[in-house]
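All remarks here apply to the structure that follows.
The values are calculated or read from the model by the stated rules, or taken from the named source; none is laboratory data. Just so it is clear, the structure is predicted and the values come from calculations on it, not from any experiment. Using ideal geometry, Cβ is built from the backbone for each residue, glycine included, and neighbour counts are taken over all protein chains shown.
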Amino acid sequence: MKIGLEVHVQLPTRSKMFCSCPTTDAEAPNTHVCPVCLGMPGSRPVLNRQVLVYGIMLAKMLGCKIADTTWFSRKTYFYPDMSKSVQITQYDHPIGTGGLVMLNGKKPIRITRIHLEEDPGKTKRTSDMYSLIDYNRSGVPLAEIVTEPDISTPAEAREFLTQLIADIRATIDMPADGERSIRCDCNISVGKERCEVKNVTGVKNAERALTYEMVRQIKILKAGGKIERETRNFDEARGITYSARKKEFEADYGYIDEPDLGIFHIGKMAEGITIRESPAKMTVRLSAQYGIPEKMAKQLVSTSIDLAQFFETVAAEYGKDLAVKLVAGPVAGSWKEMEAAGRSPDAVLGTIGRFADGKITDTECSIEIKSEMTGIDAETASADAGDLEKIIADFLDANPKVLADYAKGNTKALNSAIGHVMKTAPGKFSSSDVVSAAKRIADSRI
């Protein structure tokens, strides 16, 4: 089985790709439109420079070769959501080609190309006879990322999309929710011929659509049938795909160069654009550089890039072991609360320093960290820590075999103590606080 994805990313510009209409959501249909994005006679597009910048940033993140020059083409086809009967896109000179993404730092997924294009409008079917078109979305800038068919299963496709979306959001500061969206066209072949499932929204739905399509194609082939090359849609409510139309070939679109835009020389622009390290690459680097489990590195990065950077700060100042003990423990456990309260972790460095100098115990250190990060007074934090330690200590007293198994090197033996805390005091303690306290108490008894 082979799966290839075409991921459409709405770029977070304030105005559309070729006009000054806003890209924000509108209260009413067909209000954020103008002659340019509607393609009216006599109107001419002018490229939004920020679209090129975002495109270059994503191409660099994907490891693509960035062309010295690029230009746009007219993709000729008629659907009601494309009012001018053509879509301005990139064809034979995309912004980037030949990239590579390492899935979980291990499996290579080749990137065929990344190109820029405008989004069409949105069709809403009202009955079997009528549909309504909203052109507010028409002309919103998209980056389309096309992979080679290197993905092996629907579950792997979901995993890849999850990683890719996190990297995209970190690279171009795309908000995690709100008005922006990421849609996906899923190409899958079980035999020789492939089918394309169009405009699937969400990583969960991508996996569902591919799973259904995989089973459908297998059943057809087992029955001696033939897979027809076609475009299909995904019905989220029923979890099925259904035929939309016969799949077009590239020659059917009649590409021609877009005469109103000309050629863009982007080589020097690309040289001057730097991007931050992507979450996926940062996870691999942290694991290798500090010798920590990949799972721990992934948890740090997925919680917050800032938390991962704070881990590196502590490791550089006080050593990796202390960073693992405190940053991956009590600091990580209170990080989200700290962000929600608008606090800074700067004060925590002083507390960690006093612990490193032996001026406070690890319990006192954990209490002070929680107090500084959440705003909870030290007395309350101390009482909570005392309650947590008592629950764990009482459990270990009543279950000596758990401690004996842990002493023999079975780290999973403490899971029963952790589960007991979660059941006894649901929601009172963060999971990282519970895990940290359980390990600390068990270690002190061995």
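Observations on the model:
- Tally, over the range 238-247, of residues that are under 19 Å from residue 154 (Cβ atoms) and not hydroxyl-bearing (Ser, Thr, Tyr): 3
- Residue in the range 19-37 that is farther than 20 Å from residue 100 by Cβ, in a helix (DSSP H, G or I) and touching a Ser or Thr at 6+ places or on another chain (Cβ under 7 Å) present: no
- Failed item, numbered, when residue 431 is tested on (1) buried (at least 16 other Cβ atoms within 10 Å of the Cβ); (2) in contact (Cβ under 8 Å) with a residue 60 or more places away in the chain: (1)
- Residue in the range 397-410 that is surrounded by the fewest Cβ atoms within 10 Å (Cβ to Cβ), counting only those that are touching a residue at least 12 places away in the same chain (Cβ under 8 Å) and within 11 Å of residue 446 (Cβ to Cβ): 407
- Residue check, residue 108 closer than 30 Å to residue 271 by Cβ, crowded, with 20+ Cβ neighbours inside 10 Å, at pLDDT 95 or above and not aromatic (Phe, Trp, Tyr): no
- Test result for residue 251, modelled with pLDDT under 90, aliphatic (A, V, I, L, M) and assigned by TED's automatic domain parsing to the domain that holds residue 196: yes
- Number of residues in the range 60-106 that are hydroxyl-bearing (Ser, Thr, Tyr) and in a helix (DSSP H, G or I) equals 0.
- Matching residues, the range 33-56, being surrounded by 21 or more Cβ atoms within 10 Å (Cβ to Cβ) and farther than 18 Å from residue 21 by Cα: 54, 55, 56
- Any chance residue 294 is under 30 Å from the mean Cα position of the chain (by Cα), of a type in the set (Asp, Glu) and not assigned by TED's automatic domain parsing to the domain that holds residue 191: yes
- Residue in the range 47-59 that is outside any helix (DSSP H, G or I) and of a type outside the set (Val, Ile, Thr) present: yes
- Test: residue in the range 266-274 that is among the polar types (S, T, N, Q), free of Cβ contacts under 8 Å to residues at least 24 places away in the same chain and surrounded by 11 or more Cβ atoms within 10 Å (Cβ to Cβ): no
- Residue ranges of strands (runs of 3 or more DSSP E) in the range 119-236 with at least 3 members over 29 Å from residue 61 (Cβ atoms): 122-125, 131-134, 230-235
- Any chance residue 8 is part of a loop (DSSP other than H, G, I, E, B), surrounded by 15 or more Cβ atoms within 10 Å (Cβ to Cβ) and under 28 Å from the mean Cα position of the chain (by Cα): no
- In the range 364-380, the residues that are at pLDDT below 80 and over 33 Å from the mean Cα position of the chain (by Cα): 377, 378, 379, 380
- A single entry from 73, 83 fulfils the requirement of being polar (S, T, N, Q), in the same structural domain as residue 98 (by TED's automatic domain parsing), surrounded by fewer than 21 Cβ atoms within 10 Å (Cβ to Cβ) and out of contact with any helix residue (DSSP H, G or I) (no Cβ under 6 Å at 6 or more places or on another chain): 83.
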